[in-house]
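The values are calculated or read from the model by the stated rules, or taken from the named source; none is laboratory data. Computed from a predicted structure; not experimentally measured. Using ideal geometry, Cβ is built from the backbone for each residue, glycine included, and neighbour counts are taken over all protein chains shown.
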Amino acid sequence: MKPAHSVAAMRKLARRRLPRLVFDFVDGGAGRESALTRSELAFDAVRLLPRVLAGAEVRSQTIELLGRSYAAPFGIAPIGMANLVAPGVDMALARAAADAAIPYCLSTAATTAIEEIARAAPASWFQLYVGREQAIVEDLIRRADTAGAPVLMVTADVPAPGKRLRDLDNGFMLPLEPSLRLAADLFTHPRWALATALGGAPRFANLERYEQPGASAQSLARLMASQSSARLDWELLARIRDRWQRRLILKGVLHPDDARRAQRIGADAIVVSNHGGRQLDCAPAPLEVLPQIAAAVGGRCRILLDGGVRTGEDVARALALGADAVLLGRPFLFAVAALGPDGARALIAMLQDEIDRVLAHLGCCSPAELDQSFVWREPPDAAVPDQPAELESGAARPCRATDAGAQETAARCG
């Protein structure tokens, strides 16, 4: 098997090995996918300034988060329909995370039940969609509580389904509808087709008990669609906070005022997230708003970030800008699709290696040392290069725009 030394390489292999409509479901975003692209590009705009002779020979990635110690400052985000990539992906991710001592969060939309994951990986978190039926919401909370989930993550950014053009173009729906196009897609991906046939078509396992016994996959898909609801508000979140006696995270925060309110209502942490670019295409990148949110909460609750993280250096960038940890979703599906069941372990090891390298270059012994002092910002005076002598008589001079904005630029160039 060809080695894959980056998430980009894993994505390339995944694209070859998955049917198009499955790959597009995993890879795609809402609308023109601007938010998806922006989330990744935002990391490239952040540069970290190395420090030398810092004596960072002994390094550790251990972090303390929500009352627990984790071996690295990243975890696996909640992923819906993971088993669409291959049978058993939910379980493979949970076990890999447990073995590596990093967080794993099971989604309401997972294809493996809470109880089954809890038996294999007891420290797994649970992510909750607050759907239209409060009785289902209450029972999902009860089941997560009974299963011993240490953390409940409430997702707030799905008041309506995102418009995902790739899925619409592919006619993607669950269960997969037979068609000539699908048949051709499966014919060219026989390994996936055989594995899915033997493992069984993925179903929304956490919702099965809320339908009649033997309910069809179509019925379960309709029930899952009803979990996109705008009825979650601050009052309902406060009731969930009162009901849930362990750690609570609010996921999908992009506005500083929402971050402050979540902290005041008793959230132990927030996830700065645009839902992987899968909901609102005109939303900003999580990394772009992270410094404002970190300033808004002032250390009174923990901050996680997801969206666009692809390397260990991206993890370091997020930590330097105010996050306590990051979550990754798509990259883990790419890893499993590209490398098989052990792909999750390979990705965890790769990210840990990359984080260790960047810590060494920055002169840090642990992630806790990363802060905005490592973020390189161009000095304002550096924006104007030395001018040739022939221009010093007062002729128009070229200049570069700086962060001060267009007015300052016009004044200096005028």
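If I ask for residues that are surrounded by 24 or more Cβ atoms within 10 Å (Cβ to Cβ) and either out of contact with any strand residue (DSSP E or B) (no Cβ under 8 Å at 6 or more places or on another chain) or outside any helix (DSSP H, G or I) (or both), which ones from segment 304-319 would you list?
Result: Leu304, Leu305, Asp306, Gly307, Gly308, Val309.
Of the residues Ala56, Ala120, Ala101, only one is aliphatic (A, V, I, L, M) and in contact (Cβ under 8 Å) with a residue 40 or more places away in the chain; which? Walk me through it before giving the result.
Working: Ala120 fails: in contact (Cβ under 8 Å) with a residue 40 or more places away in the chain; Ala101 fails: in contact (Cβ under 8 Å) with a residue 40 or more places away in the chain.
One residue alone meets the criteria, Ala56.
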Inset, instruction - Return yes or no: is Ser229 among the small types (Gly, Ala, Ser), touching a Gly at 6+ places or on another chain (Cβ under 8 Å), touching a residue at least 24 places away in the same chain (Cβ under 8 Å) and in the same structural domain as Asn274 (by TED's automatic domain parsing)? - result: yes
Inset, instruction - Would you point out which residue out of Ala71, Ala77, Ala54, Ala94 is in contact with a strand residue (DSSP E or B) (Cβ under 9 Å, 6 or more places away or on another chain), of a type in the set (A, V, I, L, M) and surrounded by fewer than 17 Cβ atoms within 10 Å (Cβ to Cβ)? - result: Ala71
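Looking only at residues that are hydroxyl-bearing (Ser, Thr, Tyr) and loosely packed, with under 14 Cβ neighbours inside 10 Å in segment 159-216, which one is modelled with the lowest pLDDT?
For segment 159-216, the residue satisfying everything is Ser216.
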Legend entry - Selection from segment 127-146 of residues that are within 9 Å of Gln227 (Cα to Cα) and among the β-branched types (Val, Ile, Thr): Val130
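For every residue, the table says whether it meets (1) modelled with pLDDT under 95; (2) over 13 Å from Phe74 (Cα atoms); (3) out of contact with any helix residue (DSSP H, G or I) (no Cβ under 7 Å at 6 or more places or on another chain).
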| residue | (1), (2), (3) |
| --- | --- |
| Ala296 | no, yes, no |
| Ala323 | no, no, no |
| Arg330 | no, yes, no |
| Gly340 | yes, yes, yes |
| Leu347 | no, no, no |
| Val358 | no, yes, no |
| Pro367 | no, no, no |
Legend entry - Residues of segment 20-40 that turn out to be modelled with pLDDT of 95 or more and either under 14 Å from the mean Cα position of the chain (by Cα) or of a type in the set (Val, Ile, Thr) (or both), as a count: 10
Inset, instruction - Give me a count of the residues in segment 232-280 that are in a helix (DSSP H, G or I), surrounded by fewer than 17 Cβ atoms within 10 Å (Cβ to Cβ) and touching a residue at least 60 places away in the same chain (Cβ under 8 Å). - result: 2
Inset, instruction - Filter segment 37-74 down to residues that are closer than 30 Å to Asp99 by Cα and of a type in the set (A, V, I, L, M), then give me how many there are. - result: 7
Legend entry - Given (1) modelled with pLDDT of 95 or more; (2) buried (at least 23 other Cβ atoms within 10 Å of the Cβ), index of the condition Thr111 fails: (1)
Inset, instruction - State whether the residues of segment 50-62 include one that is closer than 25 Å to Ala285 by Cα and either among the hydrophobic types (A, V, I, L, M, F, W, C) or not in a loop (DSSP other than H, G, I, E, B) (or both). - result: no
Inset, instruction - Search segment 179-202 for residues being among the hydroxyl-bearing types (Ser, Thr, Tyr) and in a loop (DSSP other than H, G, I, E, B), and hand back the single one that is farthest from Asp167 (Cα to Cα). - result: Thr188
